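Reading through the structure tokens given below for one structure.
The values are calculated or read from the model by the stated rules, or taken from the named source; none is laboratory data. Owing to the predicted nature of the structure, the values given are computational and were not obtained by experimental measurement. Please note: Cβ atoms are built from the backbone with ideal geometry, for glycine as well, and neighbour counts cover all protein chains shown. SASA here: full protein model, heavy atoms, side chains in, ligands and nucleic acids out. Shrake-Rupley method; radii C 1.70, N 1.55, O 1.52, S 1.80 Å.
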Amino acid sequence: MEPRLKARQDCGKCLINQDVYERIKGKVLTAPERVNKRGMKPCLFGKGGTCCNVCHMGPCQIIEGVEEMRGVCGATASTVAARNFCRMVAAGTATHSDHGRGIAEAFYSVVHNEAEDFEIKEKAKLRMVAHYLGLDRKKPIKELAKEVAVKALEEFGKQHGRLAFLSRAPEKRQEKWRELGVESRGVDREVVELIHRTTVGVDQDYRSLLKASIRCALADGWGGSMLATELQDILFGIPQPIKSVVNLGVLKEDMVNITVHGHEPEVAEALAIAAQLPEMIKEAQKVGAKGINLAGICCTGNEVLMRRGIPIAGSFVQQEIALATGAVEAMVVDVQCIMQNVTTVAEAYHTAIITTSDKAKIEGAIHIAFDHHKPIESAKNILREAIARFPKRDKKDVYIPKKKMDVVAGFSHETILYMLGGRFRASYKPLNKNIINGRILGVAAIVGCDNFRVKEKLHIEIAKELIANNVLVVVTGCAASAIGRDGLLSPDALDLAGESYREVLEAIGCPPVLHMGSCVDNSRILIALTEMVHTGGLGDDIDELPVVGSAPEWMSEKAIAIGNYFVGSGTTVVFGPTFPTENSKIATNYLREDFNQMFGASWRIARNASEFVSIMIDHIRKKRENLGIDKPKPRVLYDMAMRRALGAPTISPFHGLGCFGPTHLRVEPEEQTQ
């Protein structure tokens with residue numbers, strides 16, 4: 001049979017597990033093959049943001065500056081590009097925030113005794129969240145938890161005022177948001193209003209549209225996503241450094257393999273608990289398996305990796321190929337980034353695709369609704385369906401690649417505080433000091449999806465270059481899986497780091513790239529940046545910090561929402577290899593130059609790894625220059641008079657409201673406030 005992948009060298013992502021692709025050649029059509037077989041590049045109008053289809057007179061393909069190529073209604077390229085950009089921001093915000101709402105509803109059920117099996121694991125963090133929701137954090141835990149549950153849900157439907165978590169940002173940033181009129185009011189309101197603005201005949205000024213996109217995006221980063229992360233930590237535990245493995249080699253030939261895929265950790269947490277129950281292990285043994293093996297895919301994988309050490313089988317681009325090993329009894333999915341083709345691939349094997357959310361059903365899948373009131377019972381039903389598939393496995397079809405890589409994950413904001421300063425002196429001061437003295441050049445985030453159309457290993461090449469140049473790198477989402485597969489999430493990769501950065505890492509004891517979680521956990525990075533500002537020495541606002549963000553292989557609308565809330569928060573972000581407004585120089589220039597004037601940060605575009613690294617390092621160096629820390633400083637020996645002149649240190653509002661911090665701000669012991 002003629003190979004389906006004629007030009008396999010053109011298929012960047014199939015090379016990750018090429019041995020598996022070779023085995024299934026001709027058996028089932030997968031995403032990399034579709035990319036090659038389409039025989040055409042994406043529509044340049046659509047890819048560049050100047051195809052308008054918001055009314056039935058179109059679609060209209062717009063060319064900037066050509067009068068007869070405006071829309072039928074007269075819409076310009078800048079208006080159309082801005083509309084399309086805004087719709088992506090609204091969709092991304094809605095996606096993350098509906099995730100947050102689901103967790104908030106589960107949290108409400110738990111604290112009101114309407115749900116079984118889950119409980120509050122992080123009481124100190126509950127008090128911190130209560131504080132920022134405007135509640136009295138000293139109340140007894142049970143009473144406080146109920147108030148937090150109500151307040152959290154109210155954040156979604158709030159119509160006036162501003163989102164509570166905006167108060168967590170540096171005061172200077174909050175003032176800027178107020179001056180510009182971009183403070184988010186309520187999560188749902190901002191999404192609805194932005195979609196309304198982009199409807200035919202409403203907001204037709206690209207400047208007005210793009211500015212409004214920031215207010216919506218902030219409702220994601222400082223609203224829906226942050227609520228999701230914080231409530232998940234309270235229910236399931238704050239991530240701490242944990243060792244595990246990634247890649248398809250984590251699947252087991254002698255066990256019932258279940259992959260958990262999607263974004264909401266509630267289902268995966270219940271499965272992790274249920275899979276260890278003696279009764280479920282016995283059921284697996286009755287059909288000839290030694291037990292039950294869970295493995296993650298995509299961001300659900302990141303969630304259970306950093307809390308439980310459950311290994312990640314693959315990222316977004318590996319979901320089909322994980323099934324093609326022939327060793328997976330069931331892929332259990334919740335929401336987001338699940339390719340419809342997984343059911344087609346599964347049909348070629350014995351595998352069940354099990355959907356669990358009523359919001360996300362797939363033709364050809366088995367639907368077992370997950371009831372968050374009875375999570376373990378729901379999980380058992382799912383496990384039994386998977387166990388029943390094990391005897392149907394065809395051993396001739398099974399091929400599990402040997403390659404897997406050790407990783408260390410779970411670097412939450414609280415963990416980083418602890419690692420830098422210990423339990424009683426937790427602080428970002430060592431980080432700031434090492435940036436000021438130049439041992440660490442700055443901080444860079446590599447976030448987002450991986451993409452079948454990107455041929456370069458952008459995540460990996462960018463990370464290697466950054467750490468070699470003494471840049472501290474943090475990573476989230478599927479980018480974390482890619483970087484993990486290449487060994488950069490392991491302390492063994494310290495030799496790849498620049499000399500001064502390596503010395504800092506060896507002293508602290510962590511890998512050169514820090515895994516901070518799933519895509520909603522980019523909100524952790526916002527908190528970390530704010531903590532750097534409060535710690536002092538690097539400016540009074542996030543836009544003064546020598547930091548930069550990137551999404552080198554972005555695929556989802558969520559990535560655009562994430563990038564936009566980082567820009568609005570003061571962090572420049574670099575996207576590529578393409579960008580959704582590129583066919584309008586006017587709109588793109590506004591996102592770069594005018595946004596920079598307004599927010600102190602902008603969108604930048606890069607085509608390849610070299611461009612990404614060049615832009616990111618140049619940006620960090622410019623920020624260092626602005627701070628006056630771009631030149632080596634001689635060591636100063638302080639006498640007593642000089643020490644007295646230093647004054648009192650700045651105390652972060654986060655200290656004492658979480659797990660660690662100065663005693664004069666510490667939350668009272670739990671036994672005194674029950």
Inset, instruction - Could you grab me the full set of residues in the stretch 215-274 that are closer than 24 Å to V317 by Cα and of a type in the set (K, R)? - result: K243, K252
Inset, instruction - Working only within the stretch 398-435, note down all residues that are open to solvent by 50 Å² or more (accessible area, probe 1.4 Å) and either over 28 Å from W554 (Cβ atoms) or in contact with a Ser or Thr (Cβ under 6 Å, 6 or more places away or on another chain) (or both). - result: Y399, K402, D406, Y418, M419, R423, F424, R425, K429, K433
Inset, instruction - Find all pairs meeting these conditions: Cβ atoms under 9 angstrom apart; at least six residues apart or on different chains; first residue within the stretch 366-393 and crowded, with 21+ Cβ neighbours inside 10 Å; second residue assigned to a helix (DSSP H, G or I) and among the hydroxyl-bearing types (S, T, Y). - result: F370/S378; H372/S109; H372/S378
Inset, instruction - Considering every residue within the stretch 583-591, establish whether at least one is without any contact (Cβ under 8 Å) to a residue 12 or more places away in the chain and either outside any helix (DSSP H, G or I) or open to solvent by 10 Å² or more (accessible area, probe 1.4 Å) (or both). - result: yes
Legend entry - Yes/no for F575 being among the aromatic types (F, W, Y) and surrounded by fewer than 24 Cβ atoms within 10 Å (Cβ to Cβ): yes
Legend entry - Looking only at the stretch 77-117, and only at residues there that are farther than 18 Å from Y565 by Cα and among the aromatic types (F, W, Y), the one that is least open to solvent (accessible area, probe 1.4 Å): F107
Legend entry - Sole residue being touching a residue at least 60 places away in the same chain (Cβ under 8 Å), on the phi > 0 side of the Ramachandran plot and open to solvent by less than 60 Å² (accessible area, probe 1.4 Å), chosen from G628, G570: G570
Legend entry - Enumeration of residues in the stretch 24-53 that are closer than 23 Å to S584 by Cβ and open to solvent by less than 30 Å² (accessible area, probe 1.4 Å): G48, G49, T50, C52
Inset, instruction - Could you grab me the full set of residues in the stretch 167-198 that are closer than 19 Å to E155 by Cβ, open to solvent by less than 50 Å² (accessible area, probe 1.4 Å) and of a type in the set (V, I, T)? - result: V182, V187, V191
Inset, instruction - Those residues that are outside any strand (DSSP E or B) and more than 9 Å from V447 (Cα to Cα), I need them from the stretch 543-552; list them, please. - result: D543, E544, L545, P546
Inset, instruction - Please determine, by comparing only the residues of the stretch 62-76 that are touching a helix residue (DSSP H, G or I) at 6+ places or on another chain (Cβ under 7 Å) and within 12 Å of S584 (Cα to Cα), which one is surrounded by the fewest Cβ atoms within 10 Å (Cβ to Cβ). - result: I63
Inset, instruction - Go through the stretch 237-355 and tell me which helices (runs of 4 or more DSSP H), entirely inside it, have 1 or more residues that are within 20 Å of the chain's Cα centre (by Cα). - result: 265-274, 298-308, 319-323
Legend entry - Matching residues, the stretch 199-236, being of a type outside the set (A, V, I, L, M) and part of a loop (DSSP other than H, G, I, E, B): T199, G201, D203, Q204, D205
Legend entry - Count of the stretch 156-166 residues which are open to solvent by 10 Å² or more (accessible area, probe 1.4 Å) and of a type in the set (A, V, I, L, M, F, W, C): 1
Legend entry - Residues of the stretch 331-363 satisfying the condition of being under 20 Å from S315 (Cβ atoms), touching a residue at least 24 places away in the same chain (Cβ under 8 Å) and not aliphatic (A, V, I, L, M): D334, Q336, C337, N341, T344, T351
Legend entry - Residue that is under 28 Å from D540 (Cβ atoms) and more than 22 Å from the chain's Cα centre (by Cα), where the choices are R173, R189, R215: R173
Inset, instruction - Please state which one of L505, L466, L526, L514 is over 21 Å from I615 (Cβ atoms), touching a residue at least 40 places away in the same chain (Cβ under 8 Å) and open to solvent by less than 10 Å² (accessible area, probe 1.4 Å). - result: L526
Inset, instruction - Tell me, yes or no, whether the stretch 479-494 has at least one residue that is of a type in the set (S, T, N, Q), crowded, with 24+ Cβ neighbours inside 10 Å and either closer than 21 Å to H261 by Cα or out of contact with any Asp or Glu (no Cβ under 6 Å at 6 or more places or on another chain) (or both). - result: yes
Inset, instruction - Would you please name the residue that is nearest to A274 (Cα to Cα), looking only at residues in the stretch 381-412 that are in a helix (DSSP H, G or I) and of a type in the set (V, I, T)? - result: I382
Legend entry - Qualifying residue in the stretch 357-364 (condition: of a type in the set (D, E), over 23 Å from P391 (Cβ atoms) and touching an Asp or Glu at 6+ places or on another chain (Cβ under 7 Å)): no
Legend entry - Filter result for E143 (without any contact (Cβ under 8 Å) to a residue 12 or more places away in the chain and under 28 Å from L235 (Cβ atoms)): yes
